[in-house]
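Novice: Submitted below is the structure of interest, expressed as structure tokens.
The values are calculated or read from the model by the stated rules, or taken from the named source; none is laboratory data. All of these numbers come straight from a predicted model, not from anything done at the bench. Please note: Cβ atoms are built from the backbone with ideal geometry, for glycine as well, and neighbour counts cover all protein chains shown.
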Amino acid sequence: MLPRVKSVSYLDGYRLKLRFTNKTEGIIDFRQKIVGRGGVFKPLEDIEFFKQVVVDPVSGTLIWPNDVDFCPDVLYELAMNNATSVAQGTNQTLTVLQPQRTST
């Protein structure tokens with residue numbers, strides 16, 4: 001079983017910073033997962049609604065007020081893909097961040 005989400009912080013746009021139970025952190029941009037998909041994802045297009053994300057302590061995943069959630073294994077894989085990795089601090093906590101993409 002992959003690590004579960006321990007905490008989430010809103011950054012900007014559709015980007016969230018997730019901290020996992022194995023002390024790794026990652027940033028996920030949800031724009032492509034939400035915008036234009038319609039259905040249950042339509043409310044998440046509203047940034048104020050999107051910001052209402054919380055961690056479900058039982059399942060260890062993200063959840064929104066309309067009960068939309070993502071598989072925690074998928075979240076971990078997304079956070080770790082295309083990441084740069086740097087061990088920080090004396091306890092060697094691993095921080096993994098996706099590179100920021102610039103629009104042209």
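Novice: For PHE49, indicate whether it is modelled with pLDDT of 95 or more and either in contact with a Lys or Arg (Cβ under 6 Å, 6 or more places away or on another chain) or not small (Gly, Ala, Ser) (or both).
Specialist: Considered against the rule, which asks whether it is modelled with pLDDT of 95 or more and either in contact with a Lys or Arg (Cβ under 6 Å, 6 or more places away or on another chain) or not small (Gly, Ala, Ser) (or both), PHE49 comes out as yes.
Novice: In the range 44-60, how many residues are of a type in the set (Gly, Ala, Ser) and surrounded by 14 or more Cβ atoms within 10 Å (Cβ to Cβ)?
Specialist: Looking only at that region, the number is 1.
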